[in-house]
Amino acid sequence: MPWNITGNARAVAAIARSLASENPPHAYLFAGPARVGKASLALRLAQALNCEHTVGAQGLAPLRPDDTADVAPCLQCTPCTRIAKFLHADVQTVQLEINDDGEPKTAIAVDQVREVERSVALNPFEGRTRVVIIDPAHLLTDEAQNAFLKTLEEPPPHVVIVLIAVREEKLLPTIHSRCRRVEFRLVPVGEIEGALAADGVEPDRAALLARLAGGRPGWALEMARDPRAFERRRAVLETAHSIVSLPIHKRMSLAEKMTEDFRSGREAMYSQLADWAAWWRDVMLSAAESQAELTNVDRREEIRDLAARLDVQRARAAAEACSTALWQIDRNAASRLVVEVMLLNWPKL
Ligand SMILES: [Zn+2]
């Protein structure tokens with residue numbers, strides 16, 4: 001398995017085919033849900049384009065159209081390992097900048113795009129191909145997208161651009177039409193479990209994490225590699241269980257504290273709200289005596305206990321409050337207000 005990517009075999013095959021083709025694209029759009037492997041495959045693509053052992057990749061003679069084996073990166077040579085460690089001078093990721101308060105900005109502005117334009121004009125320093133990965137591309141401002149059009153249309157020959165987007169509808173049609181679209185999907189439980197096992201995770205834990213991952217191998221691997229992350233999830237779910245007994249003023253102070261804690265990262269806030277949404281969905285399913293499989297299989301007893309004390313309507317209202325909060329956070333609403341309203345809409349026992 002030379003590409004070493006969990007799931008999304010069609011996306012991997014599409015990349016391999018395009019690398020082996022006579023007219024490989026110079027710009028890609030990787031579209032699909034968070035944590036399913038888009039950024040990992042973007043790095044693999046950068047490796048394939050600079051690996052010492054790939055043939056037929058961009059800049060070299062094309063292979064026969066069906067001969068895609070030799071375009072996979074070896075993952076062992078100097079360029080491959082330097083790219084994996086983010087040390088390679090020709091592979092650049094454009095992300096949200098951090099503002100003076102230490103918080104990530106809410107968009108990728110036109111200045112960052114102009115910087116990219118300057119750097120792609122230079123020849124590669126150490127490899128064959130300059131690769132620019134824009135992640136998250138759906139947070140490029142319209143002005144930044146417009147400024148990027150010319151580069152996307154006619155990038156210099158030694159340049160490949162990868163746009164990574166969870167919400168591709170935020171990209172202008174003119175951006176879409178200049179990119180080869182590669183679609184990513186949620187990954188089946190069995191494939192995530194296999195990847196965790198191959199990573200040395202013991203079988204019971206691999207089975208649990210794969211089920212909890214909701215199709216996101218990136219989440220599962222992070223949980224497996226970082227015991228503190230799994231501990232954080234436990235704490236997050238225990239808070240959910242206890243909040244239903246809290247009076248309103250305590251919920252308000254909790255909202256304030258959460259907003260303080262997450263000042264440095266909306267990503268962490270988003271992930272906590274997503275955990276709560278999945279938790280409430282489980283409570284709702286359990287209250288409705290549904291046969292559908294629960295997400296939080298390791299917390300079945302607490303979920304049943306809470307479901308027994310609530311009716312379906314109240315559990316559903318809480319689940320919907322979480323979804324609304326996620327939607328609002330995604331659109332950059334003021335996080336404290338969003339969390340306050342959500343917690344007020346949770347049931348009181
Ligand atoms: Zn290599």
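Of all residues being closer than 14 Å to R232 by Cβ and among the polar types (S, T, N, Q) in segment 268-288, which is most open to solvent (accessible area, probe 1.4 Å)? Just the residue, please.
S271
Mind counting the residues in segment 133-183 that are polar (S, T, N, Q) and open to solvent by 40 Å² or more (accessible area, probe 1.4 Å)?
Count: 4.
Could you please tell me which pairs satisfy a Cβ distance under 6 Å, a separation of 6+ or placement on different chains, a first residue in segment 69-83 that is in contact (Cβ under 8 Å) with a residue 60 or more places away in the chain and open to solvent by 10 Å² or more (accessible area, probe 1.4 Å), and a second residue that is within 9 Å of the ligand (Cβ to nearest atom) and of a type outside the set (S, T, N, Q)?
Pairs found: C74/C51; C74/H53; C74/C80.
Return the residues of segment 271-286 that are closer than 13 Å to R300 by Cβ and either outside any helix (DSSP H, G or I) or not small (G, A, S) (or both); say none if nothing qualifies.
W279, D282, V283, L285
Run R232 past the list (1) under 16 Å from R299 (Cα atoms); (2) in contact (Cβ under 8 Å) with a residue 12 or more places away in the chain; (3) within 20 Å of the chain's Cα centre (by Cα); (4) in a helix (DSSP H, G or I) and report the number of the one that doesn't hold.
For R232, the failing item is (2).
Any residue at all in segment 21-29 that's within 15 Å of the ligand (Cβ to nearest atom) and either in contact with a Phe, Trp or Tyr (Cβ under 9 Å, 6 or more places away or on another chain) or modelled with pLDDT of 90 or more (or both)?
no
Could you check how many residues of segment 110-132 are among the hydrophobic types (A, V, I, L, M, F, W, C) and open to solvent by 40 Å² or more (accessible area, probe 1.4 Å)?
3
Working only within segment 325-349, note down all residues that are free of Cβ contacts under 8 Å to residues at least 12 places away in the same chain and not in a loop (DSSP other than H, G, I, E, B).
Matches in segment 325-349: W327, Q328, L337.
Being within 16 Å of the ligand (Cβ to nearest atom), surrounded by 14 or more Cβ atoms within 10 Å (Cβ to Cβ), on the phi < 0 side of the Ramachandran plot and at pLDDT below 90: is that true of H53 here?
Yes, satisfied.
Filtering segment 84-109 down to residues that are β-branched (V, I, T) and open to solvent by less than 50 Å² (accessible area, probe 1.4 Å), which residue is nearest to the ligand (Cβ to nearest atom)?
Filtering segment 84-109 for residues that are β-branched (V, I, T) and open to solvent by less than 50 Å² (accessible area, probe 1.4 Å), the one nearest to the ligand (Cβ to nearest atom) comes out as V91.
The values are calculated or read from the model by the stated rules, or taken from the named source; none is laboratory data. Because the structure is a prediction, the values reported are computed rather than measured. Counting neighbours? That spans all protein chains shown, and the Cβs are built from the backbone with ideal geometry, glycine included. Keep in mind that these areas ignore ligands, DNA and RNA; they rest on the heavy atoms of the full protein, side chains included. Shrake-Rupley method; radii C 1.70, N 1.55, O 1.52, S 1.80 Å.
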